[in-house]
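Below is one structure, written out as structure tokens, with a few remarks after it.
The numbers here are math on the coordinates, done by the rules we state, and not lab data. Everything numeric here is computed off the predicted structure, so don't read it as measured data. Note that each Cβ is placed from the backbone with ideal geometry, even for glycine, and that neighbours are counted across all protein chains shown.
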Amino acid sequence: MREITIGGAQLGAIQKTDSRASVVQRMLVLLEQARQQGCELVVFPELALTTFFPRWFMPDQAEVDTWFEAEMPSEATRPLFDFSREHGIAISFGYAELTPEGQHFNTSIITDRQGNIVGKYRKVHLPGHVEFDTARDFQHLEKRYFLPGDLGFPTWESQGAVMGMCICNDRRWPETYRVMGLQGVELITLGYNTPSINSQKRGEGEEHRLFHSELCMQAGAYQNATWVVGVAKAGVEDGFPLMGGSVIVDPNGFVVARAQGQGDELIVHACDMDLCNFGKTTIFDFARHRRIEHYGIITRQTGVQRP
Ligand code: CDT
């Protein structure tokens, strides 16, 4: 048995005016709950430190940059790393990263149980658009504010397990899971900010969106025999609703923990990494069963070409 007790630390709404320091205080409250419940790893959402700012059109790059972190840890986030070190709890969270070269990424980091950053991932599948779109009920400007991630889908050995990360929209793409599956991933952590309604399709509401979210994570977990921990930023941010639905999914694709509300909420499960072994050595033993001679089109071609 290789058990890691994992906390999914869902965050409720963060308003535009909320400071980083106030969000970090909320994260520390969740970390303390996680400590009391024996967690060894706590996963927070995408862009955990701020409101989901890509819903706002900002022509001024100086204003855009105020949502980004030029260093990690920073003065504001150091208490999280101190907590990690003091209590032996690894943490993972997403933030907007501004590199020394001036590049902007939607990034996630994971630490070991001593608060050292051991993994970094930059979001590959950026949804949305670049310019203000009058046809939408609200904006989703990730393609304007971020570059596509340049690190691929790396994995790391940590806490005796192979871990990887992805971010929000990445969870909808089977390639995300398979690229990590091919590296033997046993735990994928991911955070998301998913609007409860579709800005381009009135009538597509929260139930529909929660279904798609779980469908993807359950399929990714099962088809790659890996744990998946998906954590939402939820609630109504400055009038715009984000769905909750944080889940921990086991390597058979079953949801073993699920958040009930749309506020700050911790879900916990003792995740045995050895539960991955059966799937990885039988139906999803990639070395024996994959037929890569038929998969070339996946990397040769991006869009659809009809016969
Ligand atoms: N943050 C993020 O990636 N959200 C997307 C919304 C898609 S609609 C433009 C998601 O896939 O949940």
### Rounded if a/c under 1.5, otherwise prolate or oblate - segment 182-307, Cα gyration tensor axes
oblate
### Query
Considering every Cα-Cα pair within the chain, what fraction, in whole percent, is farther apart than 34 Å?
18
### Query
Once label points are set 7 Å from the Cα along Cα→Cβ at both E3 and V304, what is their separation, rounded to one decimal in nm?
4.7
### Under 15 Å, Cβ to Cβ, from Y295 - net charge with Lys/Arg +1 and Asp/Glu -1
+2
### Message
Per residue of segment 203-213, what does 6.51 cos²θ - 1.76 cosθ + 1.60 with θ = phi - 60° give for ³J(HN,Hα)? Whole Hz please, x for Gly and Pro, Karplus curve as stated.
### Response
x, 8, x, 5, 4, 4, 6, 5, 4, 4, 4
## Note on the structure
Residue by residue through segment 148-153, the couplings from Karplus 6.51 cos²θ - 1.76 cosθ + 1.60 with θ = phi - 60°, in Hz, x for Gly and Pro, are x, x, 10, 10, x, 10
### Task
Would you calculate the separation in nanometres between label points at F254 and Q183, each defined as 7 Å from the Cα along the Cα-to-beta-carbon direction?
2.9
## Note on the structure
Exposure proxy check on K16, K201, K280: fewest-to-most Cβ neighbours within 10 Å is K201, K16, K280
### Message
How compact is segment 52-183 by the rule of thumb for globular proteins, expressed as Cα Rg over 2.2 N^0.38 Å?
### Response
1.14
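Work out the FRET efficiency for T99 and D18 from their Cβ-Cβ distance, taking R0 = 30 Å, and round it to the nearest 0.05.
Given R0 = 30 Å and the Cβ-Cβ separation, E is 0.75.
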### Message
Only bridges whose two residues both fall in segment 3-300 count here: according to DSSP, what percent of them are antiparallel, nearest 5?
### Response
65
### Message
Using alpha carbons only, how many angstrom separate the centre of segment 40-76 from the centre of segment 221-282?
### Response
23
### Query
Sequence-distant or interchain residues sharing an amide H contact under 5 Å with G12, placed H: which?
A234, D264, E265
### Summary
Dividing the alpha-carbon radius of gyration of segment 37-114 by 2.2 N^0.38 Å, where N counts its residues, gives 1.21
### Message
To make sure I understand, if each residue's beta carbon is the centre and we count other beta carbons within 10 Å, what order do L11, L210 fall in, fewest to most?
### Response
L210, L11
### Query
Could you give the length gained on full extension between V130 and I283, defined as 0.36 nm per residue of separation minus the Cα-Cα distance, in nm?
50.9 nm
### Query
Of the lysine pairs in the chain, how many meet both conditions: Cα atoms under 24 Å apart, and a spacing of 8 or more in sequence or different chains?
10
## Note on the structure
Least to most buried among F240, F132, by other C-beta atoms within 10 Å and fewest first, runs F132, F240
### Task
Taking every pair of Cα atoms in segment 1-58, average 1/r, invert it to obtain the Kirkwood radius, and report Rg/Rh to two decimals.
1.09
